[in-house]
Structures are given as structure tokens and as C-alpha cells.
């Protein structure tokens, strides 16, 4: 029976039962965490071969570069080739970064703010520049533009990507300088952009000459199922067809393929943008760690082999996603307590609590030792207008801990929902 | 006999002899390089143990952090401890970076330009801000401030460090925002700052609140001799004594201790500055590669062990420096062709050609296949007012190649000098 259809007495009775369970969890003094998109130890072990693939006598690339020494601003050829294949672009359009694609994104925004792009003035002196933030989205994207004093404009996410009507309207403002995108298995909904969304993005005619699509394909190869895999049109190629490739800065990394702490990131961009980046990088750095790139190139080999590696990840991830789905379908859905998304890949599931119940749910979880992502954090400035969204990150805890965590989560969500209904 | 004392006929005779030699070198079609402060292959081999010190079953720090996964913004404890001992500061005042201390420097200047320091306005909107550049100095330092449109002000280097009378005068200008320093075995002269220089630096009272000493101790442990080692007062400690520690940002790296392409960099700064850096870094990055830090911590161990490692480097470097000195003393000094510096450590020797002869010397070298650092590159905007200075980097070529290179260099310097004298 749906909570919304229960009488006050029924709700009070249900609440009493739930609080009993809740207190039992409290007594266990738990320390559980479902907050971060962090691979589990089992997943790290998939890539342990990395430690044995480069030694002093073979630390040389196919073009003869000694990786231990200085040199190589934009990456070694074998690493660029692997990413070029993933990006679907020529090798010349790839720049390899350090272990963090976020770092590459931050540095590009910093460059635009302090030096300007395309001969335009630095964003810092152009007035109150703005950035479009499809949301719920990735808090660390929004935090970068917020850090630089750029105004983050929320744009609703749909199952097909950002609300493109709104995006097309907003980019008529020359102070709108870009948009954050996670096109595949989006963080946190797990949605993938439709062909129409990609084509409309590639066809954008922003008023700002120095407009950029910050296109973070963080979950490009991170499928959960063999038989249900999302396929997203290549925005870079669609832009090239239309001559709009100056707009796109396309990122990936091995963070959730190999080892997140010591991976390799990459950028794909037009010749123009590659030149822009190099203009900064030649002053900024001696170039990223080539030894680690060589390790990765030898381990990853090619796109086919990456698929095999990702299958191993999926086998570990699938039961975890299933645990969240099962708990939702058995314990929340029958009572009308919120909705969830059903991603085919990525690292997250969105839970949409009944309006006004997200913060309270998170608070209740916290009080019994379960840390979840703070409510609202997937929205610019942490403001979820409906106080509804909670990002569930099931990857890190071992399966038995996760099963306990989702039970605590569902009890908390139910209590929060009943409390809300009783206030009416 | 000094060239300056020779008659025109004598000079013409000498030139003819030199051109014969010069043409012999030309016929050899050589490809030699004395341009970069790059360790040789032999030196890289000193640190090959690095490849075997971390594996999947021991990729955990002393505080239990799994290095393969996310986490750790400012470095692992064991790496911070080693650098803290080298810096002479508490562990809390250390931040570990990626493989490039230059990257840390660039990012801090970018932060000052785009966001401002100490609550002051961003440098970008403060007007034409300026930076002091002791020169000859490190071209890549000057290039960072130049990239951001900051005006580089040359300040003469002396055997004891920058001309402090001039520095004290210039910092009275509130638009002067900082100074670049290489305090020990300076690039390119190999000079070390005297106690007086350090104390005067620590006692500076710049008009700008957001003034910073960019203090790059790149050659802190890079002695050449057992019995002649420069000792430089710790500027960080001297600043703390005077309550001026907000001024100093103190950098080091393992670039020329282990492997330059895959080393570890570090920053030492006051609590105030550490907070400032963290405010940026929390948005900028997931944190530097912890696995590589762990490799380095296990290889370097402590300051005593680093001394042993640096002794091995010195054994390889010493004969190379001696080859430069011998060539100068045998082939240039007797003719009054320029002067050189005699460093006790570091990576470079400065050659000061007779005025107006540096560019021509470099050109002559290039025409017979010897690449040297471009003349003037050690000065802001590449402008050596005397066209005299050439940086000699003897580390990279094998000793036999280096010996050939310095012969070409001395012949070229002699020809350039005679050409100049004949013009008079």
C-alpha cells in the first residue's frame, strides 16, 4: 500500500515499526560509506599487472623516447593511439595528462579565466560570465566554475541529456561561456545522451566566440551488462561535420579502468584547441609521467583488450547495482517512496525521494553510520530545488556491507517520507 | 698571448688556423647537444630500483592508505617526511606535487593572476604587475611570469645572490609582486646565496601585501665535490624568525635525484600559504600519484641515504664539469677569451664571452652540429644587454662526446672573439 494512501494511524504504526529497525542499526555502531564513485579493492586487483610492465631495460617508447628522462609534453605515441581510438579521433588531436582529467579541465578553465581563449579577453575581465550545468550533475565540475567566480546556471537533465531547448536559448547570451557534460552513463543519473541531443549540441551557435563544451566521457566503456549497452554518437565527429569542433573539449581517463590514484587522463580537441593548450603547457610543465603512460599502454593494449578489462569490472559492479535495485523494488517502490534510475553503466544510481525528503534521509543515514553523498550536491551551489535527489554510489563497499547499507538507506527514506506526510 | 694584444695580422693568422679546425669539425657531420640540464643515462640507472619497490600487495602507506585508489590531496606521510627534512620544516608545511615543481610554480602564479592571494584582487586586474628576475637566471621561471603578461624586471646576479640593494629598492613598488630565486648552485652561474643575502631576503618589507619569493631550491643536494660544498641558510626558517614566512614559497623536486620524467615535486610554505594552495587544489585535482610517491619514499629513505645517492651522481658529473674547465683553462683563458664560473654543484657553468660575442659563438657551434642553450635565454625576454652569456650544460652527453663538444665550443668562441676584434 502506498504511504500516500495510508491514514495517519497507519503511518504512525508503520513509523514505529521502522524506528525499531532503525534503532537496531544504530546499536551496531556501523561505519558504512556509499558516497564516492570509488572502485573496490577487487576492481583494483584487475590491473595489478601494471606494476610489472616497465623496468629499466625497457622504459623506452616505440619512437625511442627514454621515459625516465625529461621530454614529451603531450604524451607518448602508444598512449595517444589508445585514447585516439577511444575518442574516435586522429592521434594528433590527443593530449595526455597526469592522473586526473579533472586537473586538465581545471587548467583549461583557469587558462580561459586568466588569459582568454581565441584572442578574446580573459573571462575574468569580461563581466559576470556564466556556465551551463545540466543537473543533477557532477559536483566537482560545478565546483571548478564556481571556484573561478563563474555563475553556474542549472539546466534540467532528462533521460536524453540536457534540456536542449533551454540550452539553445541560453547560449544566445554572449556571457554564457560553456556547458558541463557527462554524455554517457551520466553522473549521477546514469543517462546517456540521445542522437538528437548530440546533434543539437554539435549544431549549437553560441553568441560567445570563446564558448566551450566541457565534455567529460568519464564512463565511456563502463557498461554493466553484455546485452544492454548505451551507444552515444561521437560529438567530436559530429562537430567536425558541422565545422563546430572549436567548441568541444573532450576528456577521458583510465581512473575507473585501472587504478584511480595512478592512472592516465587524456584530452581530445581540434587542432586549434590543441595549439591553445600547448601554448599554456609549454610554460606549465615538463610533461606528464611517461613511465606511467608506458605501463598503461602495455597493460591496456587496445580497445578490444579494454573491453575485456571492463567486463571484469562489470562482473564485480553488477551485483552491487542489483542490490540497490532489489532493495528499492522490494522495500521502497511498493510504498511509493521515491524513484530510482536504472543505468546500463557508469558508477551511480539516482534516488529521487518524495519532495522535501532528501536532506532528512541523508541525515537519518548519517546518524546510524551510513555516509551518503550530501543531498543537493548534484546541483549548482548544492541547491536541489525539490530537496529530492540523492546520489547512490554502490561501487566501493564489499557486497555484504553494501546490502546492509541499502537496508539502512531504505529504512531512512521511509521514515523521512512518513515524517513529511505526517506534517501535512 | 691575449687576443686583445695581437696585431691585425696576428689575429688574421690565428683565425685562419681556427677556421681550418672548424672546417674539420664541420666535415664530421656531428650532432652534439650541450643545451639542457638533463641527467645522462648513467645517472638514470642509479635509481632503477624504483621499478621494484611497490607491488599490489604492498601499495599501502604507513598510515594505511591504499595508494592505487583515490584520495590524498597533499601527499603521503612518508614522502612528506623526506621533503620536510630536506626543507627544514614541519611535515604539515609540505605539499607533494606531480613530477614537475615547475607545474606547482605555474599553478601558484595562475592562482594569483586569476583569483588573487591574501584577499587582494587578482593580479590580472591590479594593473601592470611586475616580477623581479635575478639574471642570468632560469629561462623557464621568467617564461611563466611572461606568459601571464607580468613584466619581468632584470636584477643582476652576483656571486652572493641577487643585487639586494636593488631588490630592496624595487619592492617599494606595490606592483612588484615577487622574485624568482634559485638559491643554491644557481641556474646558470652555479652561485649560492650568502648568509647576508638570505637574511636580507627574509627581512624584505615589500609594499605589496601579496608579494611572494618563488624559491626554487632545485639543486639543494647536488654537490660536485666531497670537500667543497656550499651551505645556504634556510630562508624558510629565517623568515619564520622574522614573521615574514608568508612571503616564501619554497620548491624542490627529485627530478635530478631519481628520474626526471617520473619524479616527485614538493612545496614548503607557511600555514597560511598551505591553506591558500589547498583552497585551489581541492577543486583542481584528485591529488598526485600516490603509488609513485611510495616508490620514491622507499627508494630515497631519508636525507642520509639521499646523500649517498647524490655522491653517485657527483662521480658521473665531476669529470664532465672538469672537461669544461680544462678546455677553458687550456684553450680560452690564455687568449683572454671570456670567463667561466666554477660551481661546487648544480648542473651548469656560465661562460661569459667577450661583449657582443655570445650570439655569434652559439651560431658558429650550431653550424657544425653542436646545440647550446640560445644566447640571451638566461635573461628576461631573451635580452642579454652585453650579448655575453652562454649557459653550458655538460650533464647529458657521454664524456667523450662532451670533450668533442667543448672543443667545438672553444674554437667557435675564439673565432667569434677574433671577428669582433677585427671589426674594431
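Descending by average beta-carbon neighbour count within 10 Å, the peptides A:290-303, A:257-270, A:100-113 line up as A:257-270, A:100-113, A:290-303, the highest first. Of all DSSP beta bridges confined to the protein assembly as shown, the antiparallel ones make up roughly 45%. The distance from the alpha carbon centre of region B:245-316 to that of region A:151-220 is 39 Å, rounded to a whole number. For the residues of B:46-52, the average number of beta carbons from a partner chain within 10 Å of their own beta carbon is 4. I'd like the antiparallel share, as a percent to the nearest 5, of DSSP beta bridges with both residues in chain B. Bridges in chain B are about 45 percent antiparallel.
Comment: the Cα-to-Cβ extended label point of residue B:302, at 7 Å, lies 5.1 nm from its counterparts in the other copies, nearest first.
Tell me whether region B:327-424 comes out rounded, prolate or oblate; compute the Cα gyration tensor, take square roots of the eigenvalues as a ≥ b ≥ c, and use a/c under 1.5 as the rounded threshold. Rounded is the answer for region B:327-424, as its axis ratio a/c remains below 1.5.
How many partner chain Cβ atoms sit within 10 Å of a residue's Cβ in peptide B:135-145, on average, as a whole number?
1
When a/c reaches 1.5 or more, the comparison of a/b and b/c decides; with that in mind, is region B:281-356 rounded, prolate or oblate per its Cα gyration tensor? Because a/c hits 1.5 or more and a/b fails to exceed b/c, region B:281-356 counts as oblate. Relative to one another, the C-alpha centroids of region B:34-57 and region A:48-77 are positioned 11 Å apart.
Ranked from shortest, the separations from the 7 Å Cα-to-Cβ label point of residue B:399 to its equivalents in the other copies are 6.3 nm. Using a Gaussian network model of chain B in which every pair of alpha carbons under 10 angstrom is joined by a spring, one finds that among B:306, B:286, B:198 the greatest mean-square fluctuation is at B:286. The peptide list B:388-398, A:218-228, put in order of mean Cβ contacts within 10 Å with the highest first, becomes B:388-398, A:218-228. Closest approach of any chain A Cβ to the axis that rotates A onto B belongs to A:114, 2, distance given in whole Å. Counting only DSSP beta bridges with both residues in region B:61-301, the antiparallel share comes to about 35 percent. Within the listed set A:367, A:205, A:62, the Gaussian network model of chain A (springs between alpha-carbon atoms below 10 Å) gives the highest mean-square fluctuation for A:62.
Would you tell me the mean number of C-beta atoms belonging to other protein chains that fall within 10 Å of each C-beta in A:97-103, as a whole number?
6
Peptide packing: for B:171-180, B:27-36, the average count of neighbouring Cβ atoms within 10 Å per residue gives the ranking B:171-180, B:27-36, highest mean first. Each helix, a run of at least 4 DSSP H residues, gives -39500 (n - 2.57); summed and divided by the residues of chain B, these come to -12500 deg cm²/dmol at 222 nm.
An oblate overall shape is assigned to region B:61-301, the ratio a/c of its alpha-carbon gyration tensor axes (a ≥ b ≥ c) being 1.5 or greater and a/b not exceeding b/c. Placing a label point 7 Å from Cα along the Cα-to-Cβ axis, residue B:385 is separated from the same position in the other copies by 6.3 nm, shortest listed first. The tail of the calculated P(r) for region A:173-245, taken as Cα-Cα distances beyond 19 Å, holds 38 percent of the pairs.
Each value in this text was obtained by applying a stated rule to the coordinates, not by laboratory testing. Values in this document were obtained by computation on a predicted structure and should not be read as measured data. Ideal geometry is used to build each Cβ from the backbone, glycine not excepted, and the neighbour counts take in all protein chains shown.
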